[in-house]
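Let me begin by presenting the structure, written as structure tokens, before commenting on it.
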Amino acid sequence: MKRIWAITMMTICLLAATEAFAASAMEVMKNSQAAFLYQGKDFKVRVLMRLVSRDGRERIREMTMLRINTGEAGGDQKYFIYFFKPADVKDMTFMVHKYPARDDDRWIFVPAINMVRRIAAQDKRSSFVGSDFTYEDVSGRDIEDDAHELLREESSNGRDCFVVKSTPRAGDADYLHRLSWIDKTTFLPVKEEYYDQKGELYRLFTAEEIKEVDGLPTITRRMMKNLQSGHATEVTYTRVEYNIGIEDALFSERFMRQPPKKWTE
Amino acid sequence: MRKFSLVEFSVDHPRLVVALAVIVTLLFMTQFPKITTDTNPKNMLPATSDVRVSNDEVEKTFGLYEDTIVLGIVNEKGILNRTTLGRIQRITNEVVRIKGVAARDVAGFTTIDNVTAEGDTLRVAPLMAKVPEGAAGIERLRKTLHENHLFVDRIISKDDTTTAIYVPLEKDANGKEIADRIREIVKFEQGEERYHVAGDPVARDTFGAEMFKLMGIFSPIAGMIMFAVSFFMFRSLFLSASIMAPAMMIIICSMGLLIGLGFPVHIMSSMAPVFLMAIATDSIHIFNEFYFRFHEKHDKKAAILETMRAVGKPLIYTDITTAVGFASLMLANIIPVKVFGFGVAFGTMLLLLLSFCLIPALLTFIRVDKVERLTAAEETATSKTSRFLMILGRVGVRRPGATILTGVVLVLLAVLGVSRIHVNNNMVEWFKAGSDIRGADQALNAALGGTSLAYVVAQAQEDDFMKSPEAMRYLEGLQRHLEKLPMVGKTFSVVDYVKRINRVLHDDDPAFDAVPETKEMIGQYIFLFSMSAKPSDLDNVVDYPFRKANIWVQMKTWDVQATRDLIKAMDEYALAHPMPITLKPAGTAYFNLVWNDEVLWDMVKGFLAALVMVFVILIFNFRSVKWAMVSYVPLLFTILLLYGVIGFMGKDFDMPISVLSCLSLGMAVDFAIHFVSRLQLRRAETGGAEPLADSLVWTAARPGKGILRNAILFAAAFSVMIFAPLTPYVTVGAFIVSMMLLSAVMTIIYLPALIILLQNWLFKEV
């Protein structure tokens, strides 16, 4: 009788612990999302992307990226991208209105034919401008799309981290699950590992450089490596600015055709 | 005289010789556990060869895969229905999980990128992420498929009955294993669909694996047939075993040597045992002569010694010529061919040694009373075979003019046939007409653009040139030009993506299905495409700096001739349209062409070398250029006739046949050497008292019987190959069987006729 009692107690404790772990995993991911993708009211940055093939050949993308949050962390956002490089796409602009619960709206301006087009966005897992980052990697994946599980706490690259395993609830993602190392103090992801349908590690994200800008910790250099193709993309942020008063009106078709210089430079 | 002392030593100490032979064989056998195998025919060209290096380069530049398997799915009622589409989706999901499959670049309905316009929205997304609901959804899919040039003939046939999933393989993945796994996956799907697994890696790796298996089956069968036929000839189990023992020994030692030296057993060297077994039949001349001698002398030891004296010299020379024929392969550039040549040449020389020690030693164990009974029938005058051979011999002796004239006519016909020989190679046709692999290939080639893939790489002199409208129009023109070739089923390039975007941006207006006017437009369209498409879509068709472009060419046949025509058309176009762009072929189909030409040329080189060497050896043997020339005639005659027949049959001069030509030389000359040597010996023995015609008839009847026995045994061993499921084996089997029988008949009919006609010239000094 005593033994049954003991086992019951233990089971309850275990269940409670698991529950707490799950809750805290969700908590960790929410904090991380806020720190990683929703920092500040608005945000401006010059982005340099280096797309490097296995044998070291390079493609360059250079752009200015603007973002405003229209709601709380985890809520709606607007992105505006102005391209400088490659040279023949100069003046091209790209705009995203991001809604967590449904498909984003995307527009592209093609200067050579002076035309703005909407781009369908149902596939968030497709490559962003030919890089190893997907659209979701750039603007964030809905937290509710995955089941999160706190695996352990460990140090990575000298930072104390939570290790969270996120498994897509629907089978439509290109990966089976991913592991994230979330810095306990900044809540920035310092490393992410993506496992493919065969259960093999195939994509690796690393935060290469973290700097404080206006008191906000920001990943200023990051890397995404495809371990199967050997292709990698390095993204460097320069001229990072937060809370500079970007107006909502900028995120419109009219400004896509003629964006004000002060916001693109 | 040393060789005679070796024979005497062996006859005096037979147990010691046998024991030594067993020990040596066991020593070579100890190497067997070290065996490694390499069944990939591609490795016949080293990784450092030009074509492999340049193909690797192209693959790297454009992120391509060396090998792609094509899985065809056919539904006669049309594949555009929910059931079949559901199967396509399930199968694709399973296929990407197979180890060795480059999952990220599998191209099929659910993975291939499609560019469409819906209202004012541009969409770049997988063609079919979910199976469409309802008739309207299906109809939309049908429309999408057929209005996109990139899909028709690639993933959908014009009549909607066939689709394909293109499954690229990671480097060093085994095509056969993956093909087998795909076959297991589709087996789960029951229904009215039919599935075809095709593509070069399937054919190549299946061939490699099958070839290996076949050798494991055919070598023992050939051995058993030889055993049975020799038993039928000599009616003695012991004698049959004595013929087989040296054969087994040289096989074990040669294979042991190759393995011991660290060479992997390649598809080429896996054929060595059957060849060695056939070569070992040369020792039959010893047994043949022994029967006659014993019948005359009734003294076992004396019969052995006399036999060896009579057949010793021709044996030495026949084995040397055979060895030279194979050793000529060592001149080849291709390592596995060299190894094969070396192994067989070594085995042949070992056989020569055994003929002078092991075989005489074995003969001493034979029971006298048994031989007495058996040899009773061996009388040149009474034996049926001998009488038949005498008749054959007399044809040449009595009517030399007519015989030779017939020969000349035959040679002229043969030359005509040879001139019709068509150099070609087609690996898929190495499988028989009814086989799965060939059936799959035919079905897919009939329905879609083709399973054989080549690339045409265009290289400009400056970066970004490929984005210019001139370059785009040049590539487009080249595609249309190549598509005029009957065997080119489909081509696609970066131009097709650009044209597609142009059209989609302009409200799907077909008038805009064309190359845009400015470089900016092209650059921005490509960028727009790359904003959403899989990176590999673009990587596969242009390099990073847009200096090079890659045109994919799907061909409906694996004939290397098709690739040759493609290259010709490519050069024509380059000549007619001057532009600072150079064009180069690449891809599997191009590799096959180079591989074929390289192997073929190596064989021709070996053939020419062997032709000269054999002649030189004949001069040495007979110490006379004239006799060497005469003995050369049956060889040339046989080879000419065989190739003449091949020419008339319209059979391609392909890789297997080119390998054979080399080997045939050293073997086909053997009979002439035996014949002429024994004739000369007979003339010497009878001291010129016997008329030449009688000596010739005697030679035809007695050593001739050995020749016929040798030919039959040899042919019997190889005849098993005619029943092989792979056509190159059938070819090899049929070729060797006819060569042996033909050269035996040539020797017995034409040599007497020639010698009679030329007797004044031949015997002038005698």
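The values are calculated or read from the model by the stated rules, or taken from the named source; none is laboratory data. On a predicted model such as this, the values are computed, not experimentally measured, just so you know. Every residue, glycine among them, receives a Cβ derived from its backbone with ideal geometry; neighbour counts consider all protein chains shown. Calculation scope for accessible area: heavy atoms of the full protein, side chains included, ligands and nucleic acids excluded. Shrake-Rupley method; radii C 1.70, N 1.55, O 1.52, S 1.80 Å.
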Identify the single condition in (1) assigned to a helix (DSSP H, G or I); (2) loosely packed, with under 15 Cβ neighbours inside 10 Å that residue B:76 does not satisfy, given that it satisfies every other one. (1)
Complete set of residues in the range A:123-133 that are within 8 Å of chain B (Cβ to nearest Cβ) and of a type in the set (A, V, I, L, M, F, W, C): A:128, A:129
With the requirement that a residue be at pLDDT 85 or above, open to solvent by 20 Å² or more (accessible area, probe 1.4 Å) and facing another protein chain (nearest Cβ under 10 Å), what does the range B:513-536 give you? B:517, B:518, B:519, B:520, B:521
Which one is farthest from the other protein chains (Cβ to nearest Cβ) among residues in the range A:68-89 that are without any contact (Cβ under 8 Å) to a residue 40 or more places away in the chain and within 20 Å of residue A:104 (Cβ to Cβ)? A:72
Just give me the residues in the range B:220-243 being part of a helix (DSSP H, G or I), touching a helix residue (DSSP H, G or I) at 6+ places or on another chain (Cβ under 6 Å) and open to solvent by 20 Å² or more (accessible area, probe 1.4 Å), in sequence order. B:221, B:225, B:227, B:229, B:231, B:233
Considering only the range B:1-69, give the helices (runs of 4 or more DSSP H) lying wholly within it that have at least 2 residues that are out of contact with any Cys (no Cβ under 8 Å at 6 or more places or on another chain) and under 15 Å from residue B:455 (Cβ atoms). B:50-61
Condition met for residue A:136 (acidic (Asp, Glu) and either at the interface with chain B (Cβ under 9 Å from one of its Cβ atoms) or more than 13 Å from the chain's Cα centre (by Cα) (or both)): no
Name every residue in the range B:290-302 that is in contact with an Asp or Glu (Cβ under 8 Å, 6 or more places away or on another chain) and either outside the structural domain of residue B:10 (by TED's automatic domain parsing) or not aromatic (Phe, Trp, Tyr) (or both), in order of residue number. B:293, B:295, B:297, B:298
Any residue in the range B:61-84 that is farther than 30 Å from residue B:183 by Cβ, away from chain A (no Cβ under 14 Å) and touching a helix residue (DSSP H, G or I) at 6+ places or on another chain (Cβ under 7 Å)? no
Subset of the range B:49-74 (residues that are more than 30 Å from the chain's Cα centre (by Cα) and modelled with pLDDT of 90 or more): B:73, B:74
Looking across the range A:170-222 at residues that are part of a loop (DSSP other than H, G, I, E, B) and touching a residue at least 60 places away in the same chain (Cβ under 8 Å), the single one that is nearest to residue A:26 (Cα to Cα) is A:187
Between a first residue in the range A:131-155 that is within 30 Å of residue A:97 (Cα to Cα) and open to solvent by 10 Å² or more (accessible area, probe 1.4 Å) and a second residue that is part of a loop (DSSP other than H, G, I, E, B) and hydroxyl-bearing (Ser, Thr, Tyr), which pairs have beta carbons less than 8 Å apart while being 6 or more apart in sequence or on different chains? A:135/A:126
Does the range B:105-114 contain any residue that is buried (at least 17 other Cβ atoms within 10 Å of the Cβ), away from every other protein chain (no Cβ under 14 Å) and of a type in the set (A, V, I, L, M)? yes
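Tell me, yes or no, whether the range A:90-104 has at least one residue that is in a strand (DSSP E or B), open to solvent by 30 Å² or more (accessible area, probe 1.4 Å) and more than 29 Å from residue A:227 (Cα to Cα).
If we filter the range A:90-104 for residues that are in a strand (DSSP E or B), which is where we start, we get A:93-98.
Adding the requirement that they be open to solvent by 30 Å² or more (accessible area, probe 1.4 Å) leaves none.
No: the range A:90-104 contains no residue that is in a strand (DSSP E or B), open to solvent by 30 Å² or more (accessible area, probe 1.4 Å) and more than 29 Å from residue A:227 (Cα to Cα).
Please tell me if residue A:108 is in a strand (DSSP E or B), out of contact with any His (no Cβ under 7 Å at 6 or more places or on another chain), surrounded by 18 or more Cβ atoms within 10 Å (Cβ to Cβ) and within 9 Å of another protein chain (Cβ to nearest Cβ).
Numbers: in a strand (DSSP E or B): yes; out of contact with any His (no Cβ under 7 Å at 6 or more places or on another chain): yes; surrounded by 18 or more Cβ atoms within 10 Å (Cβ to Cβ): yes; within 9 Å of another protein chain (Cβ to nearest Cβ): yes.
Yes, satisfied.
Just the residues that are among the basic types (Lys, Arg) and either in a strand (DSSP E or B) or in contact with an Asp or Glu (Cβ under 6 Å, 6 or more places away or on another chain) (or both), please, taken from the range A:46-62. Write out each step before concluding.
First, the residues of the range A:46-62 that are among the basic types (Lys, Arg): A:46, A:50, A:54, A:57, A:59, A:61.
Residues satisfying the conditions are A:46, A:50, A:59, A:61.
Run down B:173, B:129, B:117 and say which single residue is small (Gly, Ala, Ser), within 14 Å of another protein chain (Cβ to nearest Cβ), more than 25 Å from residue B:62 (Cβ to Cβ) and part of a loop (DSSP other than H, G, I, E, B). Outline the logic, then answer.
Working: B:173 fails: more than 25 Å from residue B:62 (Cβ to Cβ); B:117 fails: part of a loop (DSSP other than H, G, I, E, B).
Of B:173, B:129, B:117, the one residue that is small (Gly, Ala, Ser), within 14 Å of another protein chain (Cβ to nearest Cβ), more than 25 Å from residue B:62 (Cβ to Cβ) and part of a loop (DSSP other than H, G, I, E, B) is B:129.
Listed here are the residues, each with its yes/no results for (1) open to solvent by 10 Å² or more (accessible area, probe 1.4 Å); (2) touching a residue at least 24 places away in the same chain (Cβ under 8 Å).
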{"residue": "B:132", "(1), (2)": "yes, yes"}
{"residue": "B:139", "(1), (2)": "yes, no"}
{"residue": "B:148", "(1), (2)": "no, yes"}
{"residue": "B:161", "(1), (2)": "yes, yes"}
{"residue": "B:165", "(1), (2)": "no, yes"}
For residue B:592, which of the numbered conditions (1) away from every other protein chain (no Cβ under 14 Å); (2) open to solvent by less than 10 Å² (accessible area, probe 1.4 Å) fails to hold? (2)
Kindly list the number of the only condition in (1) assigned to a strand (DSSP E or B); (2) within 14 Å of chain A (Cβ to nearest Cβ); (3) buried (at least 20 other Cβ atoms within 10 Å of the Cβ) that fails for residue B:196. (2)
What tally of residues in the range A:223-265 results from selecting those that are open to solvent by 20 Å² or more (accessible area, probe 1.4 Å), in a strand (DSSP E or B) and either acidic (Asp, Glu) or touching a residue at least 24 places away in the same chain (Cβ under 8 Å) (or both)? 9
Apart from one, (1) under 24 Å from residue A:79 (Cβ atoms); (2) in contact with a helix residue (DSSP H, G or I) (Cβ under 9 Å, 6 or more places away or on another chain); (3) open to solvent by less than 40 Å² (accessible area, probe 1.4 Å) all hold for residue A:175; the odd one out is (2)
Mind telling me which of the residues B:401, B:396 ends up being crowded, with 18+ Cβ neighbours inside 10 Å, at pLDDT below 90 and over 27 Å from the mean Cα position of the chain (by Cα)? B:396
Test residue B:664 against the stated conditions and say whether it is closer than 24 Å to residue B:412 by Cα and among the small types (Gly, Ala, Ser). yes
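One line per residue, one yes/no per condition, for (1) surrounded by 17 or more Cβ atoms within 10 Å (Cβ to Cβ); (2) in contact (Cβ under 8 Å) with a residue 60 or more places away in the chain; (3) assigned to a helix (DSSP H, G or I):
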| site | (1), (2), (3) |
| --- | --- |
| B:458 | yes, yes, no |
| B:471 | yes, yes, yes |
| B:476 | yes, no, yes |
| B:479 | yes, yes, yes |
| B:491 | yes, yes, no |
| B:495 | yes, no, yes |
| B:499 | yes, yes, yes |
| B:502 | yes, no, yes |
| B:508 | no, yes, no |
Show me the helices (runs of 4 or more DSSP H) found entirely inside the range B:666-766 where at least 1 residues are open to solvent by 10 Å² or more (accessible area, probe 1.4 Å), closer than 18 Å to residue B:280 by Cβ and among the small types (Gly, Ala, Ser). B:703-719
